[in-house]
Amino acid sequence: MRSSVHFGSLCAGIIGLALVASSAGAADLAANRARYAVSLNSAKPDSGVVAVEGNMTVETAEACDGWTTEQRNKFTVHYAEDNPDLVLSATFVSWESRDGLRFRFSQREQKNGELDKEVSGEAQLSGKGKGGTVTFTKPNASTLDLPAGALFPTAHTALLIDRASAGEGFVAAKVFDGTNDDNANDVTAVIGAPQDANATAAATSSIKTPLLKRPSWRVHLAFFPADITVDKPDFELTMRLLDNGISGDTVLDYGDFAIKAKLDEIEALPKPTC
């Protein structure tokens, strides 16, 4: 039996967790291009999923007026019995202002080479801690009001790092990430004990680079839908978050199966000439 999960949730889990916003300290920023190998981490017998293979590339770059993110995913889901494979691909591009108050986004998803979903638009908050408005151009021209306290992805990452650095173990926030045309998700985070730079470098990857030799925390996030009547998360995500905003190996759990994104390659990107 095929799972009904929407694989576009992979974008929601990773976008915004690749780079910390400038409010967390300019010295700690790490614009980068990272490549992850995607595979099946675990699956329940009745999920129908027997294997997942593919890759994900996330590029987070510093612009003069903010940060840009581009993510490309492509992977194949293999099913038990005689069910045909499912080939999924997605591209997500966004820009977020340095003050965390403006956000532009565009996502395109395909299944077996056919267009399945498009979401694009822009959002703006009235101020820090205040609500705002999202204007969609796709899938339809529409608007929605964001609640007070809503955050965009890099601002949410900054919040996680700030709270983790202060020794806090739990953070709840409302996050609008532009991966669908719903309102902001309720996202809860449980933050583990800190690890020093040497421990992080050993645990994060076999890749030898100063980018990964930073203090870090294990972070577990649960993403709940905007519908307040739903008490179970759409998916959960466990990752290693470095204090420069880079995410190491990540596991996304959809309940009946889980996908792992393993960091394979990473390189620093240059700062802009402004």
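The values are calculated or read from the model by the stated rules, or taken from the named source; none is laboratory data. None of these values were measured; they are calculated from a predicted model. All Cβ positions, even for glycine, are placed from backbone atoms using ideal geometry, and neighbour counts span all protein chains on display.
Only one entry of Gly167, Gly192, Gly248 meets the criterion of being crowded, with 21+ Cβ neighbours inside 10 Å and not charged (D, E, K, R), and that entry is Gly248. If the condition is being part of a strand (DSSP E or B) and either surrounded by fewer than 18 Cβ atoms within 10 Å (Cβ to Cβ) or among the small types (Gly, Ala, Ser) (or both), then the range 42-56 contributes Ser42, Ala43, Val50, Ala51, Glu53, Gly54, Asn55.
Only residues that are in contact with an Asp or Glu (Cβ under 9 Å, 6 or more places away or on another chain) and either in a strand (DSSP E or B) or modelled with pLDDT under 90 (or both) were counted in the range 259-269, giving 5. The conditions of being among the acidic types (Asp, Glu), part of a loop (DSSP other than H, G, I, E, B) and surrounded by fewer than 20 Cβ atoms within 10 Å (Cβ to Cβ) are not met by Asp186.
Pairs under 7 Å by beta carbon, first residue closer than 17 Å to Val134 by Cα in the range 150-177, partner hydrophobic (A, V, I, L, M, F, W, C) and in a helix (DSSP H, G or I), six or more apart or different chains? From residues that are closer than 17 Å to Val134 by Cα, the pairs are Leu151/Leu159; Asp177/Ala12.
Put simply, of Thr157, Thr200, Thr179 the only residue that is surrounded by 19 or more Cβ atoms within 10 Å (Cβ to Cβ) and not in a helix (DSSP H, G or I) is Thr179.
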